[in-house]
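The numbers here are math on the coordinates, done by the rules we state, and not lab data. These figures come from a predicted structure and were not determined experimentally. When we count neighbours, we look across all protein chains shown, and the Cβ atoms used for this are built from the backbone with ideal geometry, even at glycine.
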Amino acid sequence: MESQVNQPGSETKSLLVGRKANRRAFTDKAAEVGVTVGGTMVFVALLLIFFYLLYVIKPIFDGADVEPVSTISYQNTETATLMVGSDEQNEIAYRVLVNGQVDFYSVASKQLIESFQPPLPEGATVVSSAKAKPNEQRFALGLSTGEALIVGVDFGVTYPDNVRTITPRLRYPLGETPIMVDEGQPLHHLAFDYIDSRIGFAYQDNQGAWKLNRLEGEENMMTEEIEWYSDLTVVEDAPKDALTALMTPDHRQLILPTSNKIFIYDIRDTDEPSLLQVIDVKDGSNKVSNVSLLAGASSILVNYQDGTIDQYFQVSSRSGRLYQKIRDFEIDSPVQTIATEFYRKSFAVVSPEGELSLLYTTSQRNLFTETFNIAQPGAMAFSPRSNALIVEANNSLNVFAVDNDHPEVSWSALWQKVWYEGYPEPQYVWQSTSGSDDFEAKLSLMPLAFGTMKAAFYAMLFAVPLAIAGAIYTAYFMSPKVRSVVKPTIEIMEALPTVILGFLAGLWLAPLIEDHLPGILVLLTLLPTSILLSAFTWSRLPNSWKQRLPETYQEIMLIPVILFVGWFSFEISPVIEIAFFDGNTRQFITNDLGITFDQRNAFVVGIAMGFAVIPTIFSIAEDAIFSVPRHLSNGSLALGATNWQTLTRVVLLTASPGIFSAVMMGLGRAVGETMIVLMATGNTAILEWSVFEGMRTLAANIAVEMPESAIGSSHYRVLFLAAFVLFVFTFVFNTIAEVVRQRLRERYSSL
C-alpha cells in the first residue's frame, strides 16, 4: 500500500530529473556547437586576412604587360625621324622629322590630323636637330645661319558640349624667331637644354670643333622683353668622332661619347669648360652603339653592340664625384633603339628583329620580353603617363599599351642592399616620398623589420626581469591581502591607452632622460643594488625589530628606499655631469665617443613600451606560478628544501610553460605596438643597435604612411606587405610559444 502511494511522486521526480538532464545535454551541445563555430570563425577570419593581404600584395611582383593597340602608316618615308610621342590620353601620336616637320595622327582612326612646319628664316636650312628630355617633349633645330629654333609639342584640351577635345599644336618657348647661337657657323650635331631663363647649346662647327654657348636671359624693365646674353667658348681637345652629344638639364655637364670612351666635361663655368672624367667603356671588340640619359639625368645608360647595357652614375671618391659602373643588363640580342620613361627609372629596348624588352634599373628587373612586328625600329618613346609606347618601324607608328605599375619593387629591392643614385654605396633605405618629380621611391623593408625587432628587444630587456620577478614574488612570497591589491593594480595598467604612454614618453620622459642621463644610469644601477641590500639588511635584523612591522606589510619598507634612491640619483646627476662630462653629457657622447644621440631614442622606447608590456607578462606569469599545486611546494618543504630551492627546482619548472607563454605574448605585444614607437622615436629608418638612436617600426610606418599613400600604388601595396610581414612575425612568435609551451608541459607534467 505504501509503495502504491509513493509511486506517483517517484514518477514526477523521474520526469523532472529527465527534463533537467535533457536541458543540460542541450546546453552542453549548444555550448559545444557555439565554441566550435566561434573557433572556426576565428580561424576563417585569420585565413581571410591572410589571403586578402596576399591579394593586395601579389601585383607588385607581377611583370609588365605590353599589347599592340594601333599601327599608323605614314607617307613621308624619305625624311628621317627625330622623335615620336603621344598626348597624355594616348589618343594622338606624333612624329617629328629631322627637318622640323611635325605630323599628328589619330590613334583610333589611324589618320593624319595635322601637320606643322616651324617657320624658318629666308635662306636658312636645317643642318641638325636635337631632342630634349622625354618629359619636355621639346626639340631644337640647328640652322645653317648659326641660329637655333626651339619648338615644343603641345596638346590643348577643351570641353565643348562636355566632350573632351584634344587639339595638337606647336609652342615656341622663345618665340617663332630663331635665336642666334654662332653667327655664320652651321650648327652640326646639336645638343641643347632650356630651363627658366637659361639655354645651353653644344654643337660642332664646319671644322669639327665642339663649341659651347650658354645664353642667359634678362627681362628689360622698360619693354618687358627678354634680352639674351651669349657666352661662347670652344671645348678644347673634345673628340671629333663623338657619336652624339648630351647635356644635363642643370647645365653642369656635357657628355661626348665615342665608340670606346665617354668624355665628360664640367661646364658650370662656360668660359673654362674642363674635362671632368674619361670613362673607358671599351669591352674587347664590343663597341658602344648608343649612350642615353636615364630619367632625372643622373645616370648614363651605355648600350654595346652585343646588347649589353651598363648603368653609370656619380659616386663620391677621393677625386670628387665621378661616374662609376653600377650594374649591367644582359639582353638576348643586340639593341637598336632605346627609350626611357619620363620620370621613373624604367627603359625599353628593341632589337633589329623586333624583340621588345622592358627593364627597370634600380630593381634590376627584366619586366617583359616579347617579339613583335617592329623589325629595324627607328625612334621610340613612352607616353607621358608611361602607359603607352610608340615605336617607329616598317614606315609606321606602332602604338602599344603598357601595363607596368610596379617596376621598382622586387624581392632584392625589398630585402637586400640597393645602390641608389647619389648614394656612396649600396644601402638599405626606406624613403617612400619626396617633393621632386625625379625622385625614385626607396622601399626597403629591412630598416623597418630591424626597427621592429630593436624596439621589441629593448622593451623586453626592460620588461621581462621586472614582470617575471614581480610575478614570482607576488604569487609565491606575497601575503594574500597585499596580493589582492597589487595584482589588480598591475593588471589595470594594461587598460591604460598606449597613446598616453607615447605622449608622456615623447614630451616628458625623453627630455627628462636627456637632461639627467647620468642620474638615469645611476638610478638603473643603484636601484636594484639598494633593494637587494635592503633585503639582506632586513634578513640580518633581530627578530624583535622585524616583529614591529607586521609580516603582511613587509614590502612597504621598500617604498622609502626607492624614493630616496630616485631622489639621490637625480640630485647627483649634475655633479657627475660636471665632473666627468664637462657639463654636457650629450655633447660628450656625440663628439668624444662619436655616438649619435637622438632625444627620442631606443632607451626611451624601451622604458615606455616596457611599461606597456609588463602587465601582459606579469598577469600570465603570475597566474601560472600561483596555479602550481600546493602539494608540490608543501611536499618539497616537508622534505627539508628551503623556500628558494622549492621555488627554483619545483615551482618555476612546473610553471615554466606559462612563464614562457607570458614572455612570448609580451614579445608579440611589443612587436605590434604602434603609438608608443610612433610618438617616442624619431621614426628614422636606420639599422643601428645603439640605444641612443631611434628607429622606425613596421606598425608605426603603416600608421604614418597609409593615410597618405595612393590606393593601388607601389607604396600602398608595399605597406600591405609590411602588414603581412608583421602578421607573419606575430604568427611565428605565437606558434613558437605554443610549441615550446606544450613541450615544457609534457616534460614537467610528471612533477
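In the chain, Cα pairs under 8 Å separated by at least six residues give a relative contact order of 10 percent.
For the Cα atoms of the chain, what angle does the longest principal axis make with the long axis of helix 602-626, in degrees from 0 to 90, nearest 10? On a 0 to 90 degree scale, this one is about 40.
In percent, rounded to a whole number, the relative contact order of the range 446-700 is 40, using alpha-carbon pairs under 8 Å and six or more apart.
Pairs of Cα atoms nearer than 8 Å and 6+ residues apart set the relative contact order; for the range 130-187 it is 36 percent. Considering all different alpha carbon pairs of the chain, the Kirkwood hydrodynamic radius works out to 32.8 Å. Label separation (Ser539 vs Leu512): 3.2 nm, computed from points 7 Å beyond Cα along the C-beta direction.
Pairs of C-alpha atoms in the range 1-157 farther apart than 25 Å represent 64 percent of all such pairs. The angle separating the long axis of helix 652-672 from the principal Cα axis of greatest extent in the chain is about 30 degrees. Label positions at Phe51 and Val35, each projected 7 Å from the Cα along the C-beta direction, are separated by 2.8 nm. Projecting the Cα atoms of Ile531, Leu507, Pro542 onto the charge dipole of the range 402-549 (Cβ charges, centred on the Cα centre) puts Pro542 farthest toward the positive pole. Other residues whose C-beta falls under 13 angstrom from the C-beta of Thr36 contribute a net charge of -1, scoring Lys and Arg +1 and Asp and Glu -1. Under 5 Å from the amide H of Thr308 lie the amide H atoms of Ile331, each residue being 5 or more positions distant or on a separate chain, with H modelled from the backbone and absent for Pro and chain starts. Between the alpha-carbon centres of the range 155-214 and the range 45-100 there is a gap of 27 Å.
Is the C-alpha gyration tensor of the range 446-700 telling us rounded, prolate or oblate? Criteria: a/c under 1.5 is rounded; beyond that, a/b larger than b/c is prolate, otherwise oblate. Taking the square roots of the gyration eigenvalues as a ≥ b ≥ c, the range 446-700 is oblate. Classification of the range 65-415 by its C-alpha gyration tensor yields an oblate form. The axis ratio a/c (a ≥ b ≥ c) is 1.5 or more, and b/c is at least a/b. On the beta carbon distance between Gln111 and Val739, with R0 = 56 Å, the FRET formula returns roughly 0.20.
Exposure proxy for Trp644, Trp689: other Cβ atoms within 10 Å of each Cβ, ordered fewest to most, give Trp644, Trp689.
With the cut-off at 1.5 for a/c, could you classify the range 155-296 from its C-alpha gyration tensor as rounded, prolate or oblate? Since a/c reaches 1.5 but b/c is at least a/b, the shape of the range 155-296 is classed as oblate. Placing +1 on each Lys and Arg Cβ and -1 on each Asp and Glu Cβ, with no other charges, gives the chain a dipole about its Cα centre of roughly 5580 debye. The fewest-to-most ranking of Tyr360, Tyr74, Tyr343 by surrounding Cβ atoms within 10 Å reads Tyr74, Tyr343, Tyr360.
Averaging Cα coordinates gives a centre for the range 644-701 and one for the range 443-472; these two points are 3 Å apart.
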